[in-house]
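Presented below is the structure to which this report refers.
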Amino acid sequence: MALFDWIENLFRERNSQMAWGHIPSERIVGGGPQPAYVANDDYVVVRLGSMYLRDSRELWLKLSPLVHSAVGLKGLREPRSETAIIGPAQFGDLAMASADRSVVLNQRLAGPAVWRGGDLELAVGLFAVPKDQAATALLGTLSQLAALGIPGLQQGLDIAKIVKEGVEGLIGLNGTRPVLGVKVALSDTQAAGPGHFVGIAAPQAEVPFDQLWLKDGRLHSGPSAQQLKVYEEHDHIVIGVERGQPRQDWRGLPSLTPHEEAFNDVLKDTTAAADDLRTRLNTAFRAFDGALFAEDGLTNPDKSRIRGEVIVSLQERLKRITNPLGAPAIETRSIGGRTRRQVAAPGFDFLDVGDLPLGTDMTALAKTGEAPF
């Protein structure tokens, strides 16, 4: 049975004990209004934010926690789905944890995925599964497999299928107990954007959703931000649908890594004539540019930024090779907004592609197909 069906059945069978709802951005302490996602310009990231399990605590004396999520994006391109599991290793020993506070997890469930418009369907379920040796071994294996998935590659799709079928098998074991769940659908027609959702083990009528707040990652209740108390009346989980940051891990995308070697082959040839280096760099760059344009895992703004950063990095190296007296042989630069590396002129590595200075005009650098050298 698919997770969406499990959650729907959980709600129907326990509708007197199960509720879920949305916490708007104006009730996120320290946050602010969040604009809707823009197709092709924004990343979507889904996280398991926090969890509070007091009433069901006795379960963890005999059973192991398993969070299973399924996130589906149905945009203008091929639909994308992502499955994740969070097992005992991430939760720690729930049976021994303090019962008077939430467990703040901030565990990623899906993304970053490019928002393509259309719909986002999200289902997250917390289950208590038997601790017998076979189930524990399978849960550990599935957790490791889930971390190996590479979206966009056939191997990643095969792994995701194995994880999905394996987790659904675990959920179907005798002795497995559903605890909490959240099932949400977001759509362009409703200005889909970042938000937080909470699943609570209580009847819908007993949950004051209009007075629920998030503060420091934990669920609170109260009439205003100045009159809040931690919400501990019922077990609950908090799910965040966030806007992702610009991707710095583009350097490891399988579609782009072959071009790193092509640039390296050109720039390590320090004896070649300058015109020959420029011709070869333009040829290599056109191939990189085409792969970057076709990369489905990057937003349009990120593609423009990455293109500009690579152009500037290559231009600087080319200048230092062809005119060594006009520039230092080694320079230090900021990489990914955090790391600083010493970069030598010969050769090339995506790790050495530095950040563009603030205020850089991206217009001239973002024209796909032009020869920049």
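The values are calculated or read from the model by the stated rules, or taken from the named source; none is laboratory data. All values reported here derive from a predicted model rather than from experimental measurement. Cβ: placed from backbone, ideal geometry, glycine included. Neighbour counts: every protein chain shown. Quick note on the areas: whole protein, heavy atoms, side chains included, nothing else; ligands and nucleic acids left out. Shrake-Rupley method; radii C 1.70, N 1.55, O 1.52, S 1.80 Å.
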Count of residues meeting criterion [open to solvent by 30 Å² or more (accessible area, probe 1.4 Å) and not in a helix (DSSP H, G or I)] in the stretch 264-278: 5
Segments classed as strands (runs of 3 or more DSSP E), wholly inside the stretch 32-130, with at least 2 members that are surrounded by 20 or more Cβ atoms within 10 Å (Cβ to Cβ), of a type in the set (A, V, I, L, M) and modelled with pLDDT of 85 or more: 43-52, 63-74, 103-114, 119-130
Selected residue (criterion: nearest to Leu180 (Cα to Cα)) from residues of the stretch 232-245 that are open to solvent by 10 Å² or more (accessible area, probe 1.4 Å) and modelled with pLDDT under 90: His234
Qualifying positions in the stretch 289-301 - surrounded by fewer than 21 Cβ atoms within 10 Å (Cβ to Cβ) and part of a helix (DSSP H, G or I): Gly290, Ala291, Phe293, Ala294, Asn300, Pro301
Residue in the stretch 223-255 that is nearest to Arg54 (Cα to Cα), counting only those that are of a type in the set (S, T, N, Q) and touching a residue at least 24 places away in the same chain (Cβ under 8 Å): Gln245
Search result, residues across the stretch 160-199 that are among the β-branched types (Val, Ile, Thr) and at pLDDT below 80: Ile162, Val163, Val167, Ile171, Thr176, Thr189
Output for the stretch 214-231, where each listed residue is within 16 Å of Ile200 (Cα to Cα) and either of a type in the set (Ser, Thr, Tyr) or open to solvent by 50 Å² or more (accessible area, probe 1.4 Å) (or both): Arg218, Ser221, Tyr231
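Of Leu281, Leu318, Leu351, which residue is more than 33 Å from the chain's Cα centre (by Cα), within 17 Å of His259 (Cβ to Cβ), at pLDDT below 90 and in a helix (DSSP H, G or I)? If you could, list the steps in order and put the result at the bottom.
Working: Leu281 fails: at pLDDT below 90; Leu351 fails: more than 33 Å from the chain's Cα centre (by Cα).
Answer to the selection: Leu318.
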